[in-house]
Every structure is written in C-alpha cells, then in structure tokens.
Amino acid sequence: QKVLEDLERGGFLVGAKDYIVPLGKCDRCKTIVEPRLSTQWFVKIQPLADRAIEVVENGDVKFVPENYSKTYFEWMRNIHDWCISRQLWWGHRIPAWYCGSCGEIIVARETPAKCTKCGDSRLEQDNDVLDTWFSSGLLPCSALGWPDSTPDLDAFYPTTLLITGFDILFFWVARMIMMNCHFMRGHKQGDVPFHNVYIHALVRDAERQKMSKTKGNVMDPIEIIEQYGTDAVRFTLASMAAPGTDIAFSESRTQSYRAFANKIWNAARFLFMNVDRAQEAGLWSLADFQSSGAPPFREAEGGIDSDFNAKGVSGFKAETLDDRWILSRFNRVAQQMHEALETYRFHEAAHVVYHFFWGEYCDWYLELIKPRLAANDREQPGSPTSAGFARGGVEVRTAYANLISIFEGALRMLSPFMPFITEEIWHALYDGKPPLKSIALAAYPRVDPSQVDAAAETEMAIVQDLIVSVRNIRAELKIEPKQKLTIEIFADGDIRSLIERNRSALERLANVADLRFVESSLAKASGARSTARFDVCVIYERKIDAAAERDRLSKELARLTQELTRATAQLNNDAFLAKAPAHVVEGLKKRKAEVEVLVHKANEALGELGA
C-alpha cells in the first residue's frame with residue numbers, strides 16, 4: 001500500500017489490479033517456502049557437453065528410438081552450468097572446507113588439518129551435499145572400481161546397453177555421458193560409458209492416462225502378478241513395448257496371456273502323457289531325447305556347456321510334410337526373433353513367438369501328429385506307420401524325437417519372456433537333472449538356412465487354407481461339429497496331388513467323410529469357397545422345421561428392426577450428435593449399416609420359407 005501511495009503521489013501510477021502469486025509450500029508441513037539466495041556450487045558444463053554431443057553425432061552412442069537423439073541434442077546445445085549443491089541431510093558431502101579465521105575455501109580429496117592460507121585449524125565442511133545425479137552420473141565407472149585401474153573396469157567398461165525412461169534422459173543419461181567421457185578419457189576400450197541407449201515406454205492405464213494416486217488409477221503390480229502370474233504380466237508388457245509409444249496397460253490383455261501360459265502348460269502335459277504311454281510300451285522315452293545330442297549342448301571342461309554356435313534343430317528327421325513344415329517355421333521364427341531382439345522391437349518378438357507356439361505348434365503340428373502318436377499303441381518299436389501326413393514309413397522314435405525337439409527349442413525361445421513356466425517345464429524334460437543349471441544359460445535358437453523349406457511352407461499353407469475353408473463353411477451353415485461332411489474340390493493337377501497325399505489330415509481335421517474332385521469351377525455353387533488355388537464346396541442338405549425356423553426368424557427380425565429404429569433415431573437427433581464423441585457416432589453408423597444388411601437377409605430367409 002505504501003508503494004502505491006508513493007507512485008500515485010508522484011503521478012506515476014497507471015492503475016492497480018490483483019495479481020495471484022504462486023506460493024510454493026512444503027509437502028510435509030504445508031507452510032510457505034520462502035526463496036532465499038545463497039551461495040551454490042556449479043560445474044562448468046560446456047567443455048563436457050561438447051564431447052557428449054560429439055560421441056552421439058559420430059555414432060559411438062546410439063539412441064533407440066533414434067528420435068530421442070534430437071531431444072538430447074536440443075538440451076545439450078542449449079545447456080547451462082550445472083548447480084550441483086543441494087540443501088539436504090543425506091547424500092555425498094561437498095568436499096569443501098571454510099576457514100573460520102580468514103574465510104579461505106579449501107577443496108580437497110582428504111579432510112585438511114589446517115587452512116592452507118593462514119594455518120588456522122578451525123575448518124568447517126560445507127553442509128550441502130552433491131546433486132544425486134552428480135553422484136549417480138559416475139555409476140558406469142565408479143561401480144567398477146574407478147578411479148583405480150581394476151580388472152573389472154578393463155573388462156566391463158564400456159557397457160553395451162543402457163535401458164531407461166525418457167523422463168531422465170537429460171538428468172541421468174546425458175550426465176553419465178558427459179562425466180564418463182571426461183574421467184575415462186584415454187581408456188583402452190573408449191571413453192563412452194555405453195554404446196546403446198534403449199528408451200523404454202512408460203506404463204499408463206488403459207485410457208493412456210499417467211498413473212496417479214490423485215486420479216485413483218494406480219495399479220499395484222504385486223496384485224496384478226498375484227492375480228495373473230508373473231509370466232503373463234511380463235509377456236503383456238513385452239507385447240506392448242513398441243519403440244516410441246507408451247504402454248496402455250490392460251488387465252484384459254494380461255488375462256489373455258495367462259491363457260497363453262495355460263496353453264504352454266497343457267501342451268507340456270499332453271506331451272508328457274504321450275511320452276509316458278510310449279515308455280510303458282517300450283517305444284520311446286525322454287532318456288532317448290536326452291541322449292540324442294539334439295539340444296545345443298557340448299562337452300566342456302568340468303561338464304556340459306551350451307553350444308552357442310548350434311543352429312536349427314540338430315537330429316531332426318523331416319520325413320513328412322508336417323515335419324518339414326514345422327522345422328522350416330521354427331527356423332524362420334528363430335531368425336525373426338533375432339532380428340526383432342537385435343533392434344529392440346520386443347513387441348514384434350513377443351508376437352512372433354506367441355503365434356508360432358500357439359497357432360502353429362499347438363493348433364496345427366500337435367493335431368497333425370496325433371494319429372502317429374496314437375498309432376504307436378498299435379505298432380511295434382521301429383515299425384513304420386502310415387497315419388497322419390506320412391507319405392512313407394515314419395518310425396515311432398522319429399515322431400517323438402521331432403515333437404520334443406521342437407518343443408524344447410520353443411521353450412528356449414519363450415524363456416526371456418516367460419522365464420518361470422519355461423524353467424519348470426525345461427527341468428521336467430530332463431527329469432529334474434538338466435545339462436545346465438537354468439534354461440537361461442542354454443543357447444538361444446538360431447536359424448539354420450539348410451532347414452528352411454519354402455516349398456513345404458507353401459504346400460502346408462494350401463492344406464491349412466482348405467481345412468479352414470471347410471470349417472468356415474460348416475460354421476456358416478451351422479452344421480454340427482461332429483457331423484461328417486462330403487466336399488467337392490476343383491483344382492489343377494498339382495494341387496489335387498497335394499490334397500490327395502494329405503487326404504487323411506483333411507478328413508480328420510475338417511471332419512470330412514468323402515472327398516470328390518470335380519472338373520468345373522465351384523465359385524458360384526451354394527456353400528462354396530474360392531481361393532487362387534482351389535474351389536471347395538460342402539454337399540449338405542439341411543433338414544429344418546419350417547414353422548420353428550419361421551418363428552425364430554420372425555423374432556430375430558423384430559429384434560433387428562427395433563435396433564435399427566433406435567439407431568436411426570439417434571443418428572437423426574442433432575442434440576445427440578452434438579454431444580456424443582466422434583468414435584461413438586462412427587460406431588453407431590457402422591452398426592446401423594450392419595443391422596440393415598441383417599434385416600435384408602432375414603427378410604429374404606423368411607421369403608424363401610414362404611412367410
């Protein structure tokens with residue numbers, strides 16, 4: 001008020017208005033924190049920043065995703081001197097002492113006994129501590145024995161990879177690069193602390209909101225793990241870890257990957273159950289697998305070691321189409337996994353191994369090989385069987401060895417993502433006495449180009465497409481899954497030959513009783529499917545109760561008409577369109593179009609029934 005009066009008296013006051021001052025308050029006692037100027041310690045940062053910029057520009061240090069290097073350069077090229085003193089009660093004390101007599105400041109490695117200027121012994125160390133980032137910025141070298149020249153420092157500096165979040169890219173990553181490039185200058189392996197920096201995503205809620213206690217959207221990871229299992233949570237995070245994007249964590253995704261863990265466990269139970277039957281019959285046992293040398297292990301000084309040069313699946317005998325196909329797919333997946341992991345695309349690696357294990361190994365290979373396993377109950381050891389996809393004799397031992405070899409390799413592929421369940425099952429494969437202490441120590445599968453069979457993959461894709469087409473037709477016609485069908489196929493000679501060779505698999509997996517080849521296209525036939533390779537048609541005469549079907553269709557038509565009327569009214573309501581989110585309106589439009597089609601089909605069906 002006094003200032004205002006003086007300004008007004010001198011004729012200098014233009015006007016007065018309220019101004020809201022943001023007052024900082026203590027988190028604990030809630031009292032106002034008053035700013036006070038005080039002497040601080042700084043690091044002259046520019047010469048350190050120049051070298052830190054240089055090592056990223058020349059590729060000695062690389063960021064993944066690469067766009068974070070732009071953020072890094074923006075900070076480093078506009079950097080200011082670094083205030084490293086903090087007024088806290090914990091941390092590394094600043095090594096500075098003040099003389100109580102002459103005020104001299106003494107910075108030393110060891111506590112001085114007296115003032116270097118006046119000789120007075122009354123010295124007091126600075127009460128401030130070093131900035132946490134200053135101390136932790138030296139981590140890459142200080143944890144290895146620096147400033148002494150130690151074996152650890154020579155062996156492990158620089159490290160290969162740093163994994164961290166983008167929010168401490170400047171606070172920690174940049175400080176580590178600056179400080180280590182300065183203090184490790186001249187090191188025989190180079191001065192940079194690491195060669196690659198992987199910036200991982202932040203885990204947000206399902207709505208992509210940052211988790212906050214205030215918002216009430218925080219999820220306790222321990223509770224999630226207890227509910228769904230550690231492996232399922234790990235796989236969820238890996239499957240969503242696309243570079244440059246945050247993870248919108250969803251419990252529904254975790255629930256589906258818990259089902260994946262169950263699938264792995266059930267596949268193991270199925271294998272062990274069949275192996276037990278084979279062992280009881282004297283046909284084959286896990287001891288045969290363990291002694292076959294198929295897994296990537298080798299004799300080493302002091303025992304068994306992992307053979308990291310092993311490629312593909314050693315000892316695999318691919319004598320049938322399904323064997324050649326799964327062996328080729330295993331090798332292609334191994335190659336894709338390496339490419340994805342080397343480029344830190346963890347979500348792609350998770351996607352590849354998930355679909356291989358569930359979609360190809362479990363859903364197809366296990367189903368295709370079942371007749372050969374079941375035939376083992378009827379065959380003597382070493383005798384051939386003609387079941388399944390076999391074009392010739394396939395020995396019992398070969399079928400089991402192939403099945404278990406691929407399974408063991410798939411476990412090693414899955415191990416980084418789901419370490420607990422894979423560890424348990426891997427030990428069971430060796431009856432609790434594995435060649436290595438942990439599956440994590442076993443070599444990761446590598447591609448063997450000689451085991452990649454493009455022709456087998458193409459042929460299997462045609463057979464799979466045919467089986468799926470018949471299943472889809474069955475579902476559309478609402479034919480009972482247990483009812484056997486007659487199908488007609490139009491295809492050229494090569495495809496006919498392929499289908500004929502694999503007739504037994506088609507008949508079993510598509511539940512087909514009779515398969516006929518025709519000489520003309522079936523594209524326009526009722527209940528047909530057409531592909532570039534073949535046309536397939538299901539011969540099925542459905543007997544229905546016309547009155548019951550009319551009643552069902554009438555009720556369905558009434559329900560659809562009501563839904564269509566409601567949707568039309570909403571879309572014609574300007575007030576609704578003004579308030580509703582865009583995605584809700586778009587979804588309603590799509591649903592309205594779908595319902596219109598369903599109404600048309602229901603009317604046609606009623607017309608055919610004479611309604």
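Assuming R0 = 41 Å, what is the FRET efficiency of residue 188 and residue 223, from their Cβ-Cβ distance, to the nearest 0.05?
0.25
Of the listed peptides 162-172, 583-593, what is their order by residue-averaged count of other C-beta atoms within 10 Å, with the highest listed first?
Taking the mean over residues of other Cβ atoms within 10 Å, the ranking is 162-172, 583-593.
Order of 34-44, 147-157, 354-364 by packing, highest average Cβ count within 10 Å first?
Highest mean packing first, the order is 354-364, 147-157, 34-44.
Treat each spin label as a single point 7 Å out from the Cα along the C-beta direction, and report the residue 67 to residue 17 distance in nm.
3.9
Using helices alone, I'd like the mean residue ellipticity at 222 nm for the chain: each DSSP H run of four-plus residues gives -39500 (n - 2.57), total over residue count, nearest 500.
Computed mean residue ellipticity for the chain: -14000 deg cm²/dmol.
Rounded, prolate or oblate: which fits segment 1-136, taking a ≥ b ≥ c as square roots of the Cα gyration tensor eigenvalues, rounded meaning a/c under 1.5, else prolate when a/b beats b/c?
Here segment 1-136 falls in the oblate category.
Calculate, in nm to one decimal, what residue 25 and residue 139 gain on full extension: separation in residues at 0.36 nm each, minus their alpha carbon distance.
37.7 nm
Roughly how many nanometres apart are two label points built 7 Å out from the Cα toward the Cβ at residue 93 and residue 81?
2.5
Could you calculate the FRET efficiency of residue 574 with residue 208 from 1/(1 + (r/R0)^6), where r is the beta carbon distance between them and R0 is 30 Å, rounded to 0.05?
About 0.45, to the nearest 0.05.
What are the aspartates and glutamates whose alpha-carbon lies under 18 Å from the alpha-carbon of residue 482, with same-chain residues fewer than 8 places away excluded?
367, 507, 514, 541
Enumerate the lysines that residue 590 could reach by cross-link, defined here as Cα to Cα under 29 Å, with residues fewer than 8 away along the same chain left out.
478, 524, 555, 579, 601
Please report, ordered by residue number, every helix of the chain (full DSSP H runs) that is 30 Å or longer along its axis going by C-alpha atoms and whose mean Kyte-Doolittle hydropathy reaches -1.0.
Helix filter hits for the chain: 251-280, 321-342, 454-476, 546-571, 582-608.
Sort out for me the Cα centre separation of segment 1-67 from segment 232-309, rounded to whole Å.
55
Express in % the proportion of alpha carbon pairs of segment 253-373 at distances exceeding 20 Å.
More than 20 Å apart: 58 percent of the Cα pairs in segment 253-373.
Suppose R0 equals 22 Å; then what is the FRET efficiency for residue 269 and residue 433 from their Cβ-Cβ distance, rounded to the nearest 0.05?
0.60
Calculate the translational D of the chain in whole µm² s⁻¹ from Stokes-Einstein, where the hydrodynamic radius comes from the Kirkwood formula applied to all Cα pairs, the temperature is 37 °C and the viscosity 0.692 mPa s.
103
Consider a paramagnetic label point 7 Å from the Cα of residue 550 along Cα→Cβ; state which residues of segment 571-606 have an amide N under 13 Å from it.
Flagged as within label range: 606.
What do you get for Rg/Rh of segment 204-302 when both radii come from the Cα atoms and Rh is the Kirkwood radius?
Answer for segment 204-302: 1.22.
Rg to Rh for segment 131-171: what is it, with Cα atoms only and Rh by Kirkwood?
1.03
Return the subset of 62/210; 210/589; 30/213 for which the Cα-Cα distance in this structure is over 24 Å, preserving the input order.
62/210; 210/589
Out of every Cα-Cα pair in segment 146-196, what percent are more than 16 Å apart?
When every Cα pair of segment 146-196 is considered, 39 percent fall beyond 16 Å.
Once you place label points 7 Å from the Cα toward the Cβ at residue 476 and residue 561, how far apart are they in nm?
2.7
Once you order the gyration tensor axes a ≥ b ≥ c over the Cα atoms, which shape class does segment 57-211 get: rounded for a/c under 1.5, otherwise prolate or oblate by comparing a/b with b/c?
Since a/c reaches 1.5 and a/b is larger than b/c, the shape of segment 57-211 is classed as prolate.
Each value in this text was obtained by applying a stated rule to the coordinates, not by laboratory testing. Everything numeric in this text was worked out from a predicted model, so none of it was measured. When we count neighbours, we look across all protein chains shown, and the Cβ atoms used for this are built from the backbone with ideal geometry, even at glycine.
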